[in-house]
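Encoded as structure tokens, the structure appears first; notes follow it.
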Amino acid sequence: MEFNGEFELESVPPEKAWIVLSDPIAVRNSLKGCKYITPKTDDFSFDDYEPEEGVETLPEADPDDVVARAFKEGQEYAALMQVGVGSVKPRFETTVTIQERDHDDFIMTATGGGSASGSSFSMESGMQIFPLEDGDGSRIEWWTEADISGRIAQLGSRVINPVANKIVGNFFKDIERQMTEVSEETDSSITDRIRGLL
């Protein structure tokens, strides 16, 4: 299955959009059904991991904390997703690897996969942020290719596509809200410092 799209942020420049989309906590908070996204260590256990609650994001967060937890190229992350598709609500234990993070061209790509009882998936995804031609905003292009098998795949694209589109739509709507808050409330010197460290 293939999904792709784009959206524009009229008042958020690419540098600030990049900072928000580099923060696993901001991404988790915007992704419905995502319980956590955390670096995966050798001894990581989906059954035992307890995510930290109440973690601040920009503009309230300490910039050093945002930099320290930002997605890193080559790093593997564990993510727990629970999404209802029709009558099925699987709990996907997912592993995602950041394949590319280009700070100059604002490109990030990832591969990953996950499994739940009776279902599994693998995916490749990416995004790129462009400056708007007529203003100081951003245009974000995103894409995902996913192979789905098991109980969810049996539901068919007529059931899966609307759920996926709703999740993606809600995600970018909430990300836009976060980006707008960062653009309006975060001092430019702070975001410049974060960008320099990312």
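The values are calculated or read from the model by the stated rules, or taken from the named source; none is laboratory data. Bear in mind that the values here come from a model prediction, so they are computed numbers and not experimental data. Cβ: placed from backbone, ideal geometry, glycine included. Neighbour counts: every protein chain shown. SASA here: full protein model, heavy atoms, side chains in, ligands and nucleic acids out. Shrake-Rupley method; radii C 1.70, N 1.55, O 1.52, S 1.80 Å.
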Quiz item: Which value results when the Cα radius of gyration for the chain is divided by 2.2 N^0.38 Å?
Solution: 1.03
Self-check item: ³J(HN,Hα), Karplus 6.51/-1.76/1.60, whole Hz, each residue of the stretch 53-58, x for Gly, Pro
Solution: 9, x, 6, 6, 10, 4
Practice problem: With a 10 Å radius around each residue's Cβ, average the other Cβ atoms per peptide and rank 110-117, 24-31, 44-51, highest first. | Solution: 24-31, 110-117, 44-51
Quiz item: In what order, largest first, do 143, 18 sit by accessible area if the probe radius is 1.4 Å?
Solution: 143, 18
Quiz item: Expressed as a rounded percentage, what relative contact order does the chain have, with Cα pairs under 8 Å and six or more residues apart?
Solution: 30 percent
Quiz prompt | Spacing of the two label points (7 Å from each Cα toward its C-beta) at residue 43 and residue 165, in nm | solution = 4.7 nm
Quiz item: For helix 188-197, what angle does its Cα long axis make with the longest principal axis of the chain, in degrees from 0 to 90 and rounded to 10?
Solution: 60 degrees
Self-check item: Using alpha-carbon coordinates, inclination of helix 157-185 to the longest axis of the chain, degrees
Solution: 20 degrees
Exercise. Hey, can you grab everything whose amide H is under 5 Å from the amide H of residue 119? Only 5+ residues off in sequence or another chain; H modelled, so Pro and N-termini drop out.
Key: 151
Self-check item: Model label zone, residue 99; criterion: amide N under 15 Å from point 7 Å along Cα-to-beta-carbon; scope the stretch 136-180
Solution: 142-147
Practice problem: Enter the accessible area per residue of the stretch 12-81 (Å², integer; probe 1.4 Å; all protein chains in place). | Solution: 48 Å²
Quiz item: For the pair residue 153 and residue 73, how long in nm is the line joining their label points, each one 7 Å along Cα→Cβ?
Solution: 3.3 nm
Practice problem: Compute the separation of the alpha-carbon centres of the stretch 48-123 and the stretch 160-179 and state it in Å as a whole number. | Solution: 15 Å
Quiz prompt | Per-residue HN-Hα couplings for the stretch 69-78 [Karplus 6.51, -1.76, 1.60; θ = phi - 60°; Hz; x = Gly/Pro] | solution = 9, 4, 3, 10, 4, x, 7, 9, 10, 9
Quiz item: So what is the 222 nm mean residue ellipticity for the chain from helices alone, if each DSSP H run of at least 4 adds -39500 (n - 2.57) and you divide by all residues, rounding to the nearest 500 deg cm²/dmol?
Solution: -10000 deg cm²/dmol
Practice problem: Using a 1.4 Å probe over the heavy atoms of the protein chains, calculate the carbon and sulfur portion of the accessible area of the stretch 92-150 as a whole percent. | Solution: 45 percent
Quiz item: Relative contact order for the stretch 33-137 using alpha-carbon pairs under 8 Å, separation at least 6, rounded to a whole percent?
Solution: 21 percent
